[in-house]
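Read through the structure below, which is laid out as structure tokens, and then see the notes.
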Amino acid sequence: MAAELQAAVAARLPIELPGAIQVQRSPSLWMVGLKLLNVRTAATKAGIKYWFDVTPSLYKSQAVDFFLFACGSPDTIYVFPREDFEVLIVGASVGGDKQVPQFTLFINTKEFEPAGRERINVAHFLNAFRSVVAAS
């Protein structure tokens, strides 16, 4: 399922983001113009929940310009500019082997829940490819 979802997202990105190219040897990194995108996919956590984590160095060092999170389908992709994502993830609990901030996206309510904090409405980031195009 994970490989199929990655392939489906990879097929959608050049349609939504003309000129998008995948960075060699890294299925999660894409370029659009001079903007670097970190593209992540997740299968269902529990029906309508999709769990992700993110390496702080990607947003704190400004290494990535946008984060794209595909929630179980290439039709449900949240597009976060790095600056907005950095604000959303502040204070999230860390966990897992890597001890990185974790969060859940709820596709039924379009909410972002940093681990250990309250949910935030992020409907305006759903399929917001125009923000990448505008920045490129």
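The values are calculated or read from the model by the stated rules, or taken from the named source; none is laboratory data. Bear in mind the structure is a predicted one, so any value in this text is a computation, not a measurement. Quick reminder, even Gly has a Cβ in these numbers, built from the backbone with ideal geometry, and neighbours come from all protein chains shown.
For the stretch 84-100, the criterion of being under 22 Å from residue 13 (Cα atoms) and out of contact with any helix residue (DSSP H, G or I) (no Cβ under 8 Å at 6 or more places or on another chain) is satisfied by no residue at all. Residue pairs whose Cβ atoms lie under 8 Å apart, sitting 6 or more positions apart in sequence or on different chains, and linking a residue in the stretch 4-27 that is farther than 16 Å from residue 132 by Cα to a partner that is in a helix (DSSP H, G or I), are 27/6; 27/10.
Residue-level check: of (1) within 13 Å of the chain's Cα centre (by Cα); (2) over 15 Å from residue 132 (Cβ atoms); (3) of a type in the set (A, V, I, L, M, F, W, C), residue 80 misses just (2). Scanning the stretch 59-104 for residues that are in contact with a strand residue (DSSP E or B) (Cβ under 8 Å, 6 or more places away or on another chain), over 23 Å from residue 34 (Cα atoms) and in contact (Cβ under 8 Å) with a residue 60 or more places away in the chain returns a single hit, 72.
Only one of these is in contact with a Ser or Thr (Cβ under 6 Å, 6 or more places away or on another chain) and surrounded by fewer than 17 Cβ atoms within 10 Å (Cβ to Cβ): 72, 33. Name it. Checking each option against the conditions leaves just 33.
Does residue 112 satisfy the condition of being more than 18 Å from residue 130 (Cα to Cα) and either at pLDDT 95 or above or of a type in the set (Phe, Trp, Tyr) (or both)? Considered against the rule, which asks whether it is more than 18 Å from residue 130 (Cα to Cα) and either at pLDDT 95 or above or of a type in the set (Phe, Trp, Tyr) (or both), residue 112 comes out as yes. Number of residues in the stretch 105-136 that are small (Gly, Ala, Ser), without any contact (Cβ under 8 Å) to a residue 40 or more places away in the chain and in contact with a Pro (Cβ under 8 Å, 6 or more places away or on another chain) equals 1. For residue 115, are the conditions met, namely being surrounded by 13 or more Cβ atoms within 10 Å (Cβ to Cβ), small (Gly, Ala, Ser) and out of contact with any Leu (no Cβ under 9 Å at 6 or more places or on another chain)? The answer is yes for residue 115.
Answer with yes or no whether residue 90 is on the phi < 0 side of the Ramachandran plot, surrounded by 13 or more Cβ atoms within 10 Å (Cβ to Cβ) and modelled with pLDDT of 85 or more. In short, no.
What about residue 63, is it touching a Leu at 6+ places or on another chain (Cβ under 8 Å) and farther than 23 Å from residue 2 by Cβ? Yes.
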